[in-house]
Structures are given as structure tokens and as C-alpha cells.
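To start, the structure itself, in C-alpha cells.
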Amino acid sequence: MPTLFRAEYSTDPGACDIALAGVPHSAGNGPSKRDHHLGPRAVTDESALDRRVHIDLQLEPWNASTINDLGDVPLPKCNNNERYIKHITGY
């Protein structure tokens, strides 16, 4: 399964120092703004190319901490914007 920056996949946010999660949310954007829900997958695909480091600080977060990808936030009621935002914040 592809993950953000090739991070380890986990469903437990407590098992890591940094948890990455996709939020495929398109509801409430109006008829002309569509397909935002495809964003997390596009970022995941692009992030597979390399893991960046902070050159000035010589910081490699991949070696300094445990980083896991929790996957995408589920879409239980994708057309109910208020309910979906509450679900995202509780994830």
C-alpha cells in the first residue's frame, strides 16, 4: 500500500512521534470546485520519490523520530460538511 513519504503504515497514532493522515474532503466546495478528495493520493504518489531533509539544521526527521502514515480519514457522510469536519477533528 502506498504511504506518504514511504512511511510505515499504522492505525495507532500513539505508536509514533509524528502521524500523517490524508483528508480527502470535497464537500462544501460548490459545483465548480471538484476532485479535492483526490489530493491525498496525489501527494502520496509524489512523496514516494524522496524524503526531504533540512539542510541548514542537518535534520533528518526519518532518522530522528518514528513517522507513521495512518491512511486517509474515512468518509462516513461525505455530503454532510459539518458532520464530516467533526469526524476529521476526532480522527
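Determine ³J(HN,Hα), in whole Hz, for all residues of the range 36-45 in sequence, where each value follows from phi through the Karplus function 6.51 cos²θ - 1.76 cosθ + 1.60 and θ = phi - 60°; x replaces Gly and Pro.
Here the 3J(HN,Hα) series is 5, 5, 7, x, x, 5, 5, 5, 4, 4 Hz.
What is the sum of charges around residue 22, taking Lys and Arg as +1, Asp and Glu as -1, for the other residues whose C-beta is under 13 Å from the C-beta of residue 22?
-3
Quick one: net charge around residue 40, please, counting Lys, Arg +1 and Asp, Glu -1 for every other residue with C-beta under 13 Å from its C-beta.
-4
Using a 10 Å cut-off around each Cβ, can you sort 4, 49 from fewest to most neighbouring Cβ atoms?
Least crowded to most crowded, the residues run 49, 4.
Between residue 50 and residue 72, how high is the FRET efficiency from 1/(1 + (r/R0)^6) when r is the Cβ-Cβ distance and R₀ = 35 Å? Nearest 0.05.
The calculated FRET efficiency here is 0.95.
Within 10 Å, Cβ to Cβ, of residue 60, how many net charges do the neighbouring residues add up to if Lys/Arg are +1 and Asp/Glu are -1?
Cβ neighbours under 10 Å give a net charge of +2.
Values in this text are rule-based calculations from the coordinates and carry no lab data. What you see is a predicted model, and the numbers here were worked out from it, not measured in a lab. Neighbour counts are summed over all protein chains in view; Cβ atoms, including those assigned to glycine, are modelled from backbone coordinates with ideal geometry.
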